[in-house]
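A.B. asks: Take a look at this one; I'll ask things after.
The values are calculated or read from the model by the stated rules, or taken from the named source; none is laboratory data. Quantities reported herein were computed from a predicted structural model and do not represent experimental measurements. Glycine gets a Cβ as well: all are built from the backbone with ideal geometry, and neighbour counts include every protein chain shown. Only protein heavy atoms, including side chains, enter the accessible area calculation; ligands, DNA and RNA are left aside. Shrake-Rupley method; radii C 1.70, N 1.55, O 1.52, S 1.80 Å.
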Amino acid sequence: MNRRDFVKYVGAGSFALMAEQAGAQEMTKSLVKPSSKKLINDGKYLKFNPDGRLKILQITDCHYKVDDPMNSQISIDRMNELLDIEKPDFVMFTGDVVFSNGTFTGLDTVLGLVTDRNIPFALVFGNHDDEYDHSRPELYDYIVKKKGAIMPKRVTDEAPDFVIPVMSSGLDNKLAAALYCLDSHSYSKLSSVPGYDWIRHDQIDWYRKQSAIFTEMNDGKPLPSMAFFHIPLPEYRDAVMQEKYRIFGVKGEGVCCPIVNSGFFTAAKECGDMMAMFCGHDHDNDYAVRYMEILLAYGRYSGGNTVYNDIPNGARSIILHEGERKFDTYICLAGGERDTRITYPDSFM
């Protein structure tokens, strides 16, 4: 069994408390793959609230510098403010969290904002996270031990991709949605292909297989799903080059994507489950565009004054609707301002 086949069964869930309480076996039995005793994501998951909603706060590109606390504090102050205002059920970090040596210390500071509030979280890496004093596997192992990290333990020599199931609000714990968390890596390893790396074929194969499992578990219907990664896909660029696709939000710079297309967007179209994809990486972009019925969206730059940015820092809020292929999303800014609110798919009809 290769790495991707193995890790498709390991992931995380709603703060790991569900699986530790009485009745854990009943609560996780719906996550068993048909004809298998293995649990997807170790039987851990997120869960829709009684009102049928789940709020995700996407934080991206903090670029926290341990050796520049004054300029980094701008990021910390904004995240503190938005966590208190938005009160998310889950926080998704989409890479470039720490931008200096002392990476563990920086992670303690940034992730402490959510762990101190007992908010479950997950993290995918950006292209800068492992450029300093710790490798990607070392960083992953450090993060996964944090309180509330709903990420699988690493079982190979690489940090895994993983999927977080979202269960229904009812007592039946029916599978209701899925959040795919993928590593978009850093830079191309092919001398003839300059620029950024891409989501690779073995990752896409893992996604296809997991999507098929969820479709089978969902009575043959593709499960409403989202994907989170750091570096935008080439389709982010393709969408804004065509005037027929309406853009919501700021496009303040070019799309810094791989120059080759490995086919993840195509796989998502063929699987039929993906409602939206969310990335970071480009600090002056926060736009969302519906491209071939999939929303392609940036988060809002969440960092301080340690790297470039020409727009005020903030975050993106995403509110899933249980039982529907529908969600709301908007940009969160200082003072509780909420900008560019859209509803998928209604805003694009």
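A.B. asks: Report the local net charge at Asn80: Lys and Arg +1, Asp and Glu -1, summed over other residues whose C-beta lies under 12 Å from its C-beta. Can you show the working numbers first?
C.D. replies: Working: positive: Arg78, Arg117; negative: Asp77, Glu81, Asp84, Glu86, Asp116.
With Lys, Arg at +1 and Asp, Glu at -1, the neighbours total -3.
A.B. asks: Can you figure out the FRET efficiency of Asp116 with Arg325, using R₀ = 41 Å and their beta-carbon distance, to the nearest 0.05? Don't jump to the answer; show the numbers that get you there.
C.D. replies: Values: r = 34 Å, r/R0 = 0.84.
Efficiency for this residue pair is about 0.75.
A.B. asks: Further question: What label, among (i) 38; (ii) 31; (iii) 13, belongs to percent of Cα pairs over 36 Å apart computed from the structure on display?
C.D. replies: Entry (iii).
A.B. asks: Extending each Cα 7 Å along its Cβ direction at Thr156 and Thr105, get the distance between those two points in nm, one decimal.
C.D. replies: Those two pseudo-labels are separated by 3.4 nm.
A.B. asks: Which one, Ala227, Phe278, Asn173, is farthest towards the positive end of the dipole of the chain when Lys and Arg carry +1 and Asp and Glu -1 on their Cβ?
C.D. replies: About the Cα centre, the residue reaching furthest to the positive side is Asn173.
A.B. asks: Now, a different point. Can you give the accessible area per residue of segment 104-147, in Å², using a 1.4 Å probe?
C.D. replies: Numbers: 1680 Å² over 44 residues.
Solvent-accessible surface per residue comes out at 38 Å².
A.B. asks: Which distance in nm do the two modelled labels at Tyr142 and Lys221 give, with both placed 7 Å along the Cα-to-Cβ direction?
C.D. replies: Going from the Tyr142 label point to the Lys221 one covers 4.4 nm.
A.B. asks: Using mean Cβ contacts within 10 Å as the protection proxy, how do 330-336, 228-234 order, highest first?
C.D. replies: Details: 330-336: 17.4, 228-234: 24.9.
The densest-packed peptide leads the list: 228-234, 330-336.
A.B. asks: If you don't mind, there's one more thing I want to ask. Using +1 on the beta carbon of Lys and Arg, -1 on that of Asp and Glu, and nothing else charged, what's the dipole of segment 112-173 about the Cα centre, debye to 20? Mind dumping the intermediate values first?
C.D. replies: Working: 7 positive and 11 negative charges, 80 e Å.
Once rounded to the nearest 20, the dipole reads 380 debye.
A.B. asks: Applying a 10 Å radius around every beta-carbon, put 43-51, 91-99 in order of their mean neighbour count, most first.
C.D. replies: Values: 43-51: 19.7, 91-99: 27.1.
Those peptides, ordered most packed to least, come out 91-99, 43-51.
A.B. asks: Only Lys, Arg, Asp and Glu count, each charged at its Cβ (+1, +1, -1, -1), so figure out the dipole size of the chain about its Cα centre, rounded to 20 debye. All intermediate terms of the calculation are to be shown ahead of the outcome.
C.D. replies: Working: 39 positive and 49 negative charges, 233 e Å.
Roughly 1120 debye, rounded to the nearest 20.
A.B. asks: For segment 246-309, what's the radius of gyration and Dmax over Cα atoms, in angstrom?
C.D. replies: Cα only, segment 246-309: 13.2, 41 Å (Rg, Dmax).
A.B. asks: Let me ask something additional. Pop out the carbon and sulfur fraction of the accessible area of the chain as a percent, whole number, probe 1.4 Å. Intermediate results must be reported in sequence, preceding the final value.
C.D. replies: Working: 6890 of 13680 Å².
C and S atoms contribute 50 percent here.
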